[in-house]
Amino acid sequence: MKPSRQQAEKLTTSEVPHDVTPAASDARSEPEVVRDRQATLSEYDYSNFFYGAGDDPFDILEPFHDWFANAKPAGYYLFGQPMHTAPGTRVSIVEKKTNRKLKDLINLASYNYLGLSCRQEVIEAAREAIGRYGTGAAGSPILSGTFDIHEELAEKLARFKNKESALIFPTGYSANLGAIAGLMRSGDLVVTDQYAHASIVDGIILSKARVRYFRHNRAPDLDRKLRDFAGKKLVVIEGVYSMDGDLAALPEIVEVCRRHGARLMIDEAHSTFLFGTNGRGVAEHFGLEDDIDIHFGTFSKSLGGIGGFVAGNKALMLYLKGFARSRVFSCGLPPGVVAGLIKAIEIVEAEPELRARLWENVGTTQHLLRKAGVDIGASESQVIPIMIRDDERIFAIAEEMIHAGVYLNPVRYPAVGKHQSRLRISVTASHTEEELKEGVTIIAKVLERNGLCR
């Protein structure tokens, strides 16, 4: 939701609270300051600063700065706290509020689902490639930024996904942006799930196509959104939804797309290399790989690197090479990263036991959490929400979790709906059973203290 123009006007006035700490000159007591900060969190959030009054684009900066001066110590400091270790199962971070180093936290916040970013073989492959090619590609992929190992990675991906061709992008965000905006045009229609990732939404905006959102995972609503449109249609869904951990209702969605002649794109950022007999994703899991027109995936999660890709038929990939502007006008992936990704895919193919271990860990974690009375929503995957549903308390609970020894990230509006605040667990194949049991015990105790266990 965007704030009204009236709200926007209000935000540029002196009504936005200013930060006053206990050491400040007006001598307010600490409880008064705390109440001020809580009021700041309950009244405003990032979405309120999307618009601002005035003729200067910078007019919004001062009220935003004033708001953030209170909002940061009240909880926003929890975002982006620097880690001092690799994203393994235990990490050390520097707490921004106190500048204190918190050591040996159980890491339940990382996308490193298969632990591959820390695998020595991957690190060695990256190191060797840096020695041969240097640190960067130093050019656009369509000019001087494509090396032999970029082509090797694309070919390996296409074979892995069982598709004719694959195209590599510098980030997962740019892959969604490039594929959607590269294919769709003004007057076309893109229909996507209401919980679609920001990169999908931004790709639609850039394409200038018409957009319709269907209710989350509701195929009948998708049917209604497609029913009265006769032009070019693209439906974009996710394999695993990153905030709830549930799977796409793919069989029903495929049937609707067939009925209306709509092309279908699936974002498998959180499911490629994990789901299905061969790890090809949720599409393989449902046996519907050939019913998907555009397959999307990332390298930053299961493979522990950076970048994204789309895969499909050769004609589509050839077209996107010229029209996916987010790729054409970006530098190619660094060769060291590419070499590490190649090695990571080789490990995924050679060690299916990694996926087996991940799913064993997921089952253990979900069982323990439910047994402890923790609300984990409808998760069916390694992404497990800890539902708090209290926008004002979410930061305090997240802070308590970290101080108790578990590294988790708070999520609140506008990343999720109002009163749908949560902490988000990411289970990996690298976690030991002892770490998971210890983590769940800590989580349950913190939630019990806050009256949030059922």
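A short reminder: the numbers here are calculations on the coordinates, not readings from a lab. What you see is a predicted model, and the numbers here were worked out from it, not measured in a lab. Here Cβ is always computed from backbone atoms with ideal geometry, including for glycine, and neighbour counts include all displayed protein chains.
May I ask you to list the chymotrypsin sites (Phe, Trp or Tyr not before Pro) in the stretch 327-432 that are in a DSSP loop and have at most 12 other Cβ atoms within 10 Å of their Cβ? Mind showing how you got there, number by number?
On the way: sites: 329, 359, 395, 407; in loops: 329.
Filter output for the stretch 327-432: 329.
Counting other C-beta atoms within 10 Å, and keeping those with at most 10, which DSSP coil GluC sites (Glu not before Pro) do you find in the stretch 150-206?
On the way: sites: 151, 152, 155, 164; in loops: 164.
Counting only loop positions with at most 10 other Cβ atoms within 10 Å, none of the GluC sites (Glu not before Pro) in the stretch 150-206 qualifies.
Which pairs, out of 96/418; 72/343; 101/343, put more than 29 Å between their alpha-carbon atoms?
Exceeds cut-off: 72/343; 101/343.
So what are the ³J(HN,Hα) numbers for the stretch 386-392, from phi and the Karplus equation (6.51, -1.76, 1.60; θ = phi - 60°), rounded to whole Hz, Gly and Pro as x?
Rounded to whole hertz, the list is 9, 6, 9, 6, 9, 4, 7.
Angle between the Cα long axis of helix 30-43 and the longest principal axis of the chain, 0 to 90 degrees, nearest 10?
40
Could you work out the relative contact order of the chain? I mean the mean sequence separation of Cα pairs under 8 Å and 6+ apart, divided by the number of residues, in percent.
Working: 895 pairs, mean separation 84.5, N = 454.
Reported as a whole number, the value is 19 percent.
Going by how many other Cβ atoms sit within 10 Å of their own, how do 437, 371 line up, fewest first? All intermediate terms of the calculation are to be shown ahead of the outcome.
Working: 437 14, 371 10.
Going from sparsest to densest Cβ surroundings: 371, 437.
Roughly what angle does helix 172-183 make with the longest principal axis of the chain, taking Cα atoms, 0 to 90 degrees, to the nearest 10?
For helix 172-183, the angle is close to 60 degrees.
What do you get when you divide the Cα radius of gyration of the stretch 119-350 by 2.2 N^0.38 Å, with N the number of residues? Kindly include the intermediate steps, with their values, before the conclusion.
Numbers: Rg = 17.3 Å, N = 232, 2.2 N^0.38 = 17.4 Å.
That works out to 0.99 for the stretch 119-350.
So how far, in whole Å, is the C-alpha centre of the stretch 67-140 from the one of the stretch 302-361?
20
Would you please put 289-300, 181-192, 410-421 in order of how densely packed they are, using the mean number of other Cβ atoms within 10 angstrom per residue and starting with the highest?
Details: 289-300: 22.2, 181-192: 20.2, 410-421: 18.2.
In decreasing order of mean packing, 289-300, 181-192, 410-421 become 289-300, 181-192, 410-421.
Using only the alpha-carbon atoms, how far is helix 120-133 inclined from the longest principal axis of the chain? Give it as 0 to 90 degrees, nearest 10.
70
If Lys and Arg each add +1 and Asp and Glu each add -1, what is the summed charge of the other residues whose beta carbon sits under 15 Å from the beta carbon of residue 240?
-4
Please list 3J(HN,Hα) in residue order for the stretch 358-363, calculated via the Karplus relation 6.51 cos²θ - 1.76 cosθ + 1.60 where θ = phi - 60°; whole Hz, with x for glycine and proline.
Each residue of the stretch 358-363 in turn: 4, 5, 5, 5, 4, x Hz.
Antiparallel versus total DSSP beta bridges in the chain: what percent is that, nearest 5? Please report the intermediate quantities before stating the final value.
Numbers: 24 of 43 bridges.
Here the share of antiparallel DSSP bridges comes out near 55 percent.
Once amide H atoms are placed 1.01 Å from N in the peptide plane, what residues at a sequence separation of 5 or more from residue 264, or on another chain, have their amide H within under 5 Å of its amide H?
Close amide H contacts, sequence-distant or interchain: 235, 293, 294.
Kindly rank 254-267, 86-99 from highest to lowest mean number of other beta carbons found within 10 Å of each residue.
254-267, 86-99
Return the lysines within reach of residue 314: Cα separation strictly under 21 angstrom, same-chain partners fewer than 8 residues apart disregarded; answer none if there are no such residues.
156, 161, 163, 232, 233
Could you tell me the relative contact order of the stretch 254-328? Use alpha-carbon pairs under 8 Å, at least six residues apart, and round to a whole percent. Numbers along the way, then the final one.
Numbers: 97 pairs, mean separation 17.1, N = 75.
Averaging sequence separation for qualifying contacts and normalising by length gives 23 percent for the stretch 254-328.
Let me have the relative contact order for the stretch 93-170, percent, based on Cα pairs under 8 Å that are six or more residues apart.
On the way: 30 pairs, mean separation 8.6, N = 78.
Once normalised by length, the contact order is 11 percent.
Cut-off 15 Å, label point 7 angstrom out along Cα-to-Cβ of residue 138: give me the residues of the stretch 160-175 whose amide nitrogen falls inside.
Counting only backbone N, you get no residues.
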